[in-house]
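Each remark here refers to the structure printed beneath this line.
The values are calculated or read from the model by the stated rules, or taken from the named source; none is laboratory data. Keep in mind it's a predicted model, so treat the numbers as computed, not measured. Cβ coordinates were reconstructed from backbone atoms using ideal geometry, including for glycine residues, and neighbour counts include every protein chain displayed. Heavy atoms of the whole protein, side chains included, go into the accessibility calculation; ligands, DNA and RNA do not. Shrake-Rupley method; radii C 1.70, N 1.55, O 1.52, S 1.80 Å.
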Amino acid sequence: MKKNISILLALILVLGFIIYIFLAKSDLGQEILKKTKRIQENTNEITKIILNNKTVCLNCPNGVKEVILERKKDNWYVNQQFIANERQIDLLLKTIKEMKIKRPIGVLERKNVLKRMDVQSTKVELFSNNENMKTIWVGGNTADQLGTYMIVKDTLNTEPYVFHIPGFNGYLNSRFSCEENNWRDKKIFNFSNNDIKKVEIIDYEYPELSFSIEELKSTKYMLTHNNIDTVLINDTLAKKYFKKFDDIFCEKILSDNLEFSTNEIKKRTPFLKISILQKNDLLITLKGIKKNSSERGRTQNSKYDTERFYGEINNDLLLIQYQNFNEILKINNEFNIEN
């Protein structure tokens with residue numbers, strides 16, 4: 001009896017290996033994949049990507065997590081509201097372009113894979129204008145974390161296969177996130193020095209470090225230090241400082257979860273406020289809030305994290321590195337201000 005079982009298992013393994021070689025190397029294997037070839041070779045034709053899964057989301061319009069990425073002219077947008085993170089979009093398109101079948105699903109694992117994908121998978125719809133180019137279901141990862149289970153609708157007989165990117169040792173499903181904040185652009189400030197009319201920095205902990213710079217004329221600016229001392233500076237110095245507000249990024253846009261409340265953080269007393277008045281009279285304000293130190297890490301012996309703080313802007317809560325604001329907050333030497 002044991003001998004017969006061993007022979008049967010050996011035959012299944014051999015058959016699976018033959019199928020894999022047949023699909024990957026034969027003309028039929030190439031024929032099966034040709035339906036997705038147009039998409040992979042022309043990802044620039046993709047104008048919209050819809051990602052959704054069955055994760056319950058009470059605040060989401062459809063009750064589940066969904067992200068709509070849409071190209072409009074030269075920019076991608078997230079859910080028609082936010083500018084998208086170009087790097088994340090490029091990584092997604094690169095993944096779609098380069099992913100290949102690693103192997104077919106074994107007979108013994110097929111049932112479990114389909115069962116897991118029915119409970120938890122991400123539906124990815126690719127559009128060129130209003131035409132649906134392809135729909136892909138992205139499931140979990142293989143046990144060795146070197147492949148990802150996927151089903152390509154109307155292709156490969158709608159059977160699950162393990163996909164990977166040749167030469168990349170890792171899984172792919174994290175690149176198909178349905179978290180809105182994962183796709184949003186992380187820029188905090190992105191102003192030209194000619195866009196800014198006034199900058200005001202209020203340091204609530206050390207008021208003597210507070211200051212503002214305001215345009216008076218085309219070539220003159222007023223620097224007010226600690227709300228007391230006022231001096232005139234020329235446009236060269238002012239615009240050199242204003243230029244520092246170009247390409248300032250946060251580390252992460254934060255969301256609520258079971259262990260973290262953004263509203264609780266926003267209620268804390270800020271230690272810093274940065275206000276930027278643009279020449280079109282639009283005012284942008286960022287509040288800085290101290291971040292408690294974690295139990296582990298380099299700042300564990302400090303009351304507050306000395307590397308990162310929270311920032312509130314436009315009702316969003318951000319995680320920000322102090323080093324990204326060093327040039328904005330420290331101006332004493334630049335303007336010869338004495339404390």
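Numerical summary
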quantity	calculated
Verdict on Val199 being more than 29 Å from Gln81 (Cα to Cα), in contact with a Ser or Thr (Cβ under 7 Å, 6 or more places away or on another chain), buried (at least 20 other Cβ atoms within 10 Å of the Cβ) and in contact (Cβ under 8 Å) with a residue 60 or more places away in the chain	no
Selection count where residues are surrounded by 12 or more Cβ atoms within 10 Å (Cβ to Cβ) and either of a type in the set (Phe, Trp, Tyr) or out of contact with any Gly (no Cβ under 9 Å at 6 or more places or on another chain) (or both), scope region 248-273	14
Pair list, Cβ under 6 Å, 6 or more apart: region 264-279 residue on the phi > 0 side of the Ramachandran plot and in contact (Cβ under 8 Å) with a residue 12 or more places away in the chain, other residue of a type in the set (Ser, Thr, Tyr) and open to solvent by less than 60 Å² (accessible area, probe 1.4 Å)	none
Hits in region 145-171 - residues which are open to solvent by 10 Å² or more (accessible area, probe 1.4 Å), farther than 14 Å from Ile105 by Cα and of a type in the set (Ser, Thr, Tyr)	Tyr171
Residues located in region 215-267, provided they are acidic (Asp, Glu), touching a helix residue (DSSP H, G or I) at 6+ places or on another chain (Cβ under 8 Å) and farther than 30 Å from Asp185 by Cβ	none
Matching residues in region 128-166 - criterion: being of a type in the set (Ser, Thr, Tyr) and modelled with pLDDT of 90 or more	Ser128, Thr135, Thr142, Thr148, Tyr149, Tyr161
Test: residue in region 131-139 that is in contact with a Gly (Cβ under 6 Å, 6 or more places away or on another chain), surrounded by 12 or more Cβ atoms within 10 Å (Cβ to Cβ) and among the basic types (Lys, Arg)	no
Tally, over region 210-219, of residues that are open to solvent by less than 90 Å² (accessible area, probe 1.4 Å) and at pLDDT below 90	2
Among (1) of a type in the set (A, V, I, L, M, F, W, C); (2) more than 15 Å from Ile46 (Cβ to Cβ); (3) buried (at least 16 other Cβ atoms within 10 Å of the Cβ) - the single one Leu108 does not satisfy	(3)
Qualifying positions in region 278-297 - open to solvent by less than 40 Å² (accessible area, probe 1.4 Å) and not in a strand (DSSP E or B)	Lys291, Ser293
From the options Thr95, Thr142, residue that is surrounded by 15 or more Cβ atoms within 10 Å (Cβ to Cβ) and more than 25 Å from Asn181 (Cβ to Cβ)	Thr142
Enumerated strands (runs of 3 or more DSSP E) restricted to region 201-277, each holding at least 3 residues that are farther than 24 Å from Glu312 by Cβ	220-225, 229-234
Of all residues making up region 127-137, the number that are out of contact with any Ser or Thr (no Cβ under 8 Å at 6 or more places or on another chain) and in contact (Cβ under 8 Å) with a residue 12 or more places away in the chain	3
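To keep it simple, each residue is scored yes or no on (1) in contact (Cβ under 8 Å) with a residue 24 or more places away in the chain; (2) in a loop (DSSP other than H, G, I, E, B); (3) touching a helix residue (DSSP H, G or I) at 6+ places or on another chain (Cβ under 8 Å).
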site: Ile49; (1), (2), (3): yes, no, yes
site: Arg110; (1), (2), (3): yes, no, no
site: Glu125; (1), (2), (3): yes, no, no
site: Gly139; (1), (2), (3): yes, no, yes
site: Asp144; (1), (2), (3): no, yes, no
site: Tyr149; (1), (2), (3): yes, no, yes
